[in-house]
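Undergrad: The structure is given below, and queries will be raised subsequently.
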Amino acid sequence: MSRRRRMSEPKGKDEDVRVIALLATLGVVTIVGLAAIIVSPPVKVGPLEGEIAPDFIENAYSGAEWESFRLTEAYDDRMILISFLDTDCPHCWDEGATLSNLHST
């Protein structure tokens, strides 16, 4: 004796409840996410510890030529040391040599 398969029943209230529950869950998650973004404190920009450095674009010497340097393009969650030096300053020459030695290690 072979069994007959049960004919598929038309989709009804169970499917509607699942769709409504999914939409309600997505709505709640969206509202909570937006509230978290709105309530979170703004990121502080400045020179102090814990603050993000302001973005700027300057020319930088890369060993062979001058290139445009943008801070936000170089920063990827690592520390960056920026030193502004003058070519006429003997202290700056000493600091430049020290920074070159640190960079090569």
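Undergrad: Here are some residues: Gly27, Gly33. Which one is among the small types (Gly, Ala, Ser), modelled with pLDDT of 85 or more and either under 30 Å from Leu71 (Cβ atoms) or in contact with a Pro (Cβ under 8 Å, 6 or more places away or on another chain) (or both)? Before the answer, list the steps.
TA: Values: Gly27 fails: either under 30 Å from Leu71 (Cβ atoms) or in contact with a Pro (Cβ under 8 Å, 6 or more places away or on another chain) (or both).
Within the list Gly27, Gly33, the selection yields Gly33.
Undergrad: Name the one entry in Glu95, Glu73 that is surrounded by 10 or more Cβ atoms within 10 Å (Cβ to Cβ), charged (D, E, K, R) and touching a Ser or Thr at 6+ places or on another chain (Cβ under 7 Å). Outline the logic, then answer.
TA: Values: Glu73 fails: touching a Ser or Thr at 6+ places or on another chain (Cβ under 7 Å).
Of Glu95, Glu73, the one residue that is surrounded by 10 or more Cβ atoms within 10 Å (Cβ to Cβ), charged (D, E, K, R) and touching a Ser or Thr at 6+ places or on another chain (Cβ under 7 Å) is Glu95.
Undergrad: Inside segment 33-70, can you point out the residues that are more than 23 Å from His103 (Cβ to Cβ) and loosely packed, with under 10 Cβ neighbours inside 10 Å?
TA: Ala36, Ile37, Ile38, Val39, Ser40, Pro41, Pro42, Val43, Lys44, Leu48, Gly50
Undergrad: For segment 76-85, how many residues meet the condition of being surrounded by fewer than 10 Cβ atoms within 10 Å (Cβ to Cβ) and touching a helix residue (DSSP H, G or I) at 6+ places or on another chain (Cβ under 7 Å)? Lay out the reasoning, then the answer.
TA: The first filter runs over segment 76-85 and keeps only residues surrounded by fewer than 10 Cβ atoms within 10 Å (Cβ to Cβ), leaving 76-81, 83-84.
Okay, now just the ones that are also touching a helix residue (DSSP H, G or I) at 6+ places or on another chain (Cβ under 7 Å), so 80, 83.
Counting residues in segment 76-85 that are surrounded by fewer than 10 Cβ atoms within 10 Å (Cβ to Cβ) and touching a helix residue (DSSP H, G or I) at 6+ places or on another chain (Cβ under 7 Å) gives 2.
The values are calculated or read from the model by the stated rules, or taken from the named source; none is laboratory data. As the structure is a prediction and not an experimental result, all values here were calculated from the model. Cβ coordinates were reconstructed from backbone atoms using ideal geometry, including for glycine residues, and neighbour counts include every protein chain displayed.
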